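Here, each number is a calculation from the coordinates, and none is a lab measurement. These numbers come from a predicted model, not from an experiment. As a convention, Cβ positions derive from the backbone with ideal geometry for all residues, glycine included, and neighbour counts pool all protein chains shown.
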Amino acid sequence: MTYEAPKFRLSPALSTPELLNDGDVQLKNRTFLIDSREAYFPDRLNPEVNPDLPKIFHLDQAKSDSAALIKATRALIDTHLPIYGSLVIRGLPLEGQDHGNSDAQKDSSFSELLQQLGYQLTRYVGGVTQREQSGFMVYPASGEDPRVCMDLHQDNTYWPKPPQQLFFYYEHPAEIGGLNPLLDMREYLSKIPSDIAAKFESLGVRYENYYPDQSQDSRFVPWQKSFETEDRSLVEENLKQGGFEFTWEPDASGETYSLRKWNVLSPFKQHPITSEKLWVNMIVANHASYFHDHPSYPELSDIPYTVEGERGIDYPFNIKYGNGESVPYDVIQTLRRLAWETARSFKAEAGDLLVVDNYRCQHGRLGYEPPRKFWVGISLG
């Protein structure tokens, strides 16, 4: 039998009724969205932002030969992702990742698809949120409280080599909330004041993390969960390989230890395919102000973030200039405002595969009401 390669077509215009009108998405005064009560914060997502973010494709022949399907999907991603920064592929014959069992199937279709596409998948280790692997190199998109809204960000920019592609599978989108805004880094960088960008480029970005021992504080991720081990020597080996500095801090008994790690990197990176210089960092999303509107830190909810306010608080993460100098909060707010003013979103459908170029595009999350099944795979290229 002769098989034809699957064909893809562009989706209808994004103004069709079943798709999202960004102008209807409220941002101002949104619960657990940091700074949304501040005067500078935009009221809503901007419907005038690039309509090709993301570019949506439909798969016409979902039952085509498996090898041809994989080949066509890989070609689609490799051809169009560097152009648009993010793609949605609809019609892939995915059956789900979580089959409702406490012990998720090891080789379900999303993880199989990622393996067959041939990208360099990697583990999510040493991150700032807790994720437990489900299938080969597949994780829940985030273990954060579903009510929380996440600032726009790129994943793991504190790694020496950040992920190149992110694969998000919407097995079951949330019926209420849960939108994933996207931000084109070319457009965003063009709006960042030159003096802000220049100072970060001159001094670098210092990423700081604090991980409590799992016996001390369960509000955020302990080091045992983040590094998937209880062996401190394995953690140290991982940190040294990643170029991090670190220190262990014993509690009063001297029996358990908390971990602090930090490193300094440029806010810019060269795109591995296009070679363009792009703003690739987590300056806003990893800033400690995030915890001043977070349900796990109610004691900070009525305390506006200030540089002085960070003293004596063990924030799970924070951003400073590379020389250790605190970043003025008005700089963070300027970057945050420009990001939300320039972002847009789309309404996901069950079965959608969202592919994000982690250099070209930031992603975020608005809070949602469960249930939701949303998975991510991380690729280095």
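With a cut-off of 11 Å between beta carbons, the residues surrounding I273 carry a summed charge of -2, where Lys and Arg count +1 and Asp and Glu -1.
Restricting region 296-381 to trypsin sites (Lys or Arg not before Pro) that sit in a DSSP loop and have at most 10 other Cβ atoms within 10 Å of their own Cβ leaves R311.
Net charge in the neighbourhood of E255 (other residues with Cβ under 15 Å of its Cβ; Lys, Arg +1, Asp, Glu -1) is -3. Taking other residues whose beta carbon is less than 15 angstrom from the beta carbon of V235, and scoring Lys, Arg as +1 and Asp, Glu as -1, yields -2.
Pairs of Cα atoms nearer than 8 Å and 6+ residues apart set the relative contact order; for region 124-275 it is 26 percent. As a ratio to 2.2 N^0.38 Å, the alpha-carbon radius of gyration computed for region 182-261 takes the value 1.51. Can you check what the Kirkwood hydrodynamic radius comes to for the chain, Cα pairs only, in Å to one decimal? It works out to 21.6 Å. For the chain, adding -39500 (n - 2.57) for each run of n ≥ 4 DSSP H residues and dividing by the number of residues yields -5500 deg cm²/dmol at 222 nm.
For region 251-381, the relative contact order works out to 20 percent when only alpha carbon pairs closer than 8 Å and six or more residues apart are counted. Maximal additional length on extending the R74-W248 stretch stands at 58.3 nm, based on 0.36 nm per residue less the C-alpha distance. Based on C-alpha pairs under 8 angstrom that are at least 6 apart in sequence, the chain has a relative contact order of 31 percent. Using the Cβ-Cβ distance between T229 and R311 with R0 = 25 Å, the FRET efficiency computed as 1/(1 + (r/R0)^6) comes to roughly 0.20. Could you tell me which of the pairs K225/K347; K199/K225; K199/K347; K240/K320; K269/K320 are separated by over 27 angstrom between their Cα atoms in the structure shown? Over 27 Å apart, Cα to Cα: K225/K347; K199/K225; K199/K347.
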